[in-house]
1. Can you give the alpha-carbon Rg of region 19-124 over 2.2 N^0.38 Å, where N counts its residues?
2. Quickly work out the residue 117-to-residue 50 label distance, labels modelled 7 Å from Cα along the C-beta direction, and quote it in nm with one decimal.
3. Pop a pseudo-label 7 angstrom from the Cα along the beta-carbon direction at both residue 36 and residue 87 and give the gap in nm to one decimal.
4. Using a 10 Å cut-off around each Cβ, can you sort 84, 105 from fewest to most neighbouring Cβ atoms?
5. Using helices alone, what [θ] at 222 nm do you get for the chain, with -39,500 (n - 2.57) per DSSP H run of 4 or more residues, divided over all residues and rounded to the nearest 500?
6. Once a ≥ b ≥ c are taken as the square roots of the eigenvalues of the Cα gyration tensor of region 46-95, is the result rounded (a/c under 1.5), prolate (a/b larger than b/c) or oblate (a/b not larger than b/c)?
7. For the chain, divide the Cα radius of gyration by the Kirkwood radius and give the resulting Rg/Rh value with two decimals.
8. So for region 44-182, averaging the separation of alpha carbon pairs under 8 Å that are six or more residues apart and normalising by length, what relative contact order in percent results?
């Protein structure tokens, strides 16, 4: 199994609106130029207004700000494959709490997550392909509720986090857009 998304090079961009450029990244840079032309500094502090950090999957179907009614500056958003709580998520949450004042943590997994179809064998496949085994775990799972509970436990038991009394976990349904809360173990 090849683990490369695009072995032949950059992915060409499809025409999007009035933009027809070479790569997706070129399209993003052009979009930023249009954004910056009308940009005004909102004068915000880096501290989130709602004092909450949201940890979620990187899945492109999740529009967290829209789904949660959030505005720019309301929260810290930490995303990774699966929305799982890893050492790097704990690092980000620790900085979010200790340096920037967040007190609440919302953990959001979702239905039909790609990590449900992967296994730790993915690491072996990478090692065979590139000649080096990744130091990180895939963190795949079969039961999304159980993985949310594990993430809650990892946050609640971290010695680095000051605020673990308001940690809640959810599963976002990609078909309905609704959150379902998962009770901790």
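A short reminder: the numbers here are calculations on the coordinates, not readings from a lab. Since the model is a prediction, treat every value here as computed from it, not as a measurement. For neighbour counting, all protein chains shown are included, and Cβ atoms are generated from backbone atoms with ideal geometry for every residue, glycine included.
1. Against the compact-globule rule of thumb, the ratio is 1.30.
2. Here the answer is 3.1 nm between the modelled labels.
3. My value for the distance between the label points is 3.6 nm.
4. The order, fewest Cβ neighbours first, is 84, 105.
5. The helix-only estimate for the chain comes to -9000 deg cm²/dmol at 222 nm.
6. Oblate, since a/c reaches 1.5 and b/c is not below a/b.
7. 1.00
8. 27 percent
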